[in-house]
There are 2 protein chains.
Amino acid sequence: MINEEDKEIIKRFGMHLAKLRNEKDLSQRQLSHRCRVDYSKIGAMERGEVNVTLITITELAKGLDIPPKELLNFDLE
Amino acid sequence: MINEEDKEIIKRFGMHLAKLRNEKDLSQRQLSHRCRVDYSKIGAMERGEVNVTLITITELAKGLDIPPKELLNFDLE
């Protein structure tokens, strides 16, 4: 079950993903072409609508050319 | 769809989780008491059977008292 705290984590992940993507000057569609993640799913993740999985995190990391752990390098507080 | 490369990532995450848990001298059951993750699920994750989600990663990190990104700090090659 997803509680308020979980929603906040999912939202912060999405904001962090958008930040990393923008730092690489990639559109959602460009990023989706660099990994096995559909651009509509990238949009949903950035809006904080998806509890992303390990495999999707590693795919996004490939597309962004960063280590997977960087995608979790955001503040939870 | 889960391919061989994905299976390897899931397996390596599981081995890394087991290593971190053992470093903290916690049994699977002890770890499960410190976070909202059932001990049977911890076992399945460590056996490389679960494509873990962001929320579960952050719960495990709480239970292990480490930053979530440390759970993704393993080699994929």
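Do you know which residues across segment B:36-77 are over 25 Å from A:LYS62 (Cα atoms) and open to solvent by less than 20 Å² (accessible area, probe 1.4 Å)?
B:VAL37, B:ILE42, B:GLY43, B:ALA44, B:GLY63, B:LEU64
Which one of the conditions (1) within 14 Å of another protein chain (Cβ to nearest Cβ); (2) assigned to a helix (DSSP H, G or I) does A:VAL50 fail to meet, given that it meets all the rest?
(2)
Could you pull out the residue among A:LEU20, A:LEU71 that is closer than 17 Å to B:ILE10 by Cβ and within 14 Å of chain B (Cβ to nearest Cβ)?
A:LEU71
When segment B:22-41 is examined, which residues are found to be under 20 Å from B:LEU54 (Cβ atoms), in a helix (DSSP H, G or I) and basic (Lys, Arg)?
Within segment B:22-41, just B:LYS41 meets the criteria.
Within segment B:1-32, can you find the residues that are under 12 Å from B:PHE74 (Cβ atoms) and more than 12 Å from the chain's Cα centre (by Cα)?
B:GLU8
Does segment B:2-20 include one or more residues that are at pLDDT 95 or above and in contact with a Ser or Thr (Cβ under 7 Å, 6 or more places away or on another chain)?
yes
Of all residues in segment A:12-35, which are in contact (Cβ under 8 Å) with a residue 40 or more places away in the chain and open to solvent by less than 50 Å² (accessible area, probe 1.4 Å)?
Selection gives A:PHE13, A:HIS16, A:LEU17, A:LEU20, A:ARG21.
Which of the residues belonging to segment A:36-47 are in contact (Cβ under 8 Å) with a residue 24 or more places away in the chain and within 14 Å of chain B (Cβ to nearest Cβ)?
Those that are in contact (Cβ under 8 Å) with a residue 24 or more places away in the chain and within 14 Å of chain B (Cβ to nearest Cβ): A:VAL37, A:MET45, A:GLU46.
The values are calculated or read from the model by the stated rules, or taken from the named source; none is laboratory data. Note that the structure is predicted; figures quoted are calculated from it, not measured. No Cβ is skipped: glycine too gets one built from the backbone with ideal geometry, and neighbour counts run over all protein chains shown. All accessible areas refer to the heavy atoms of the entire protein, side chains included, with ligands and DNA or RNA removed. Shrake-Rupley method; radii C 1.70, N 1.55, O 1.52, S 1.80 Å.
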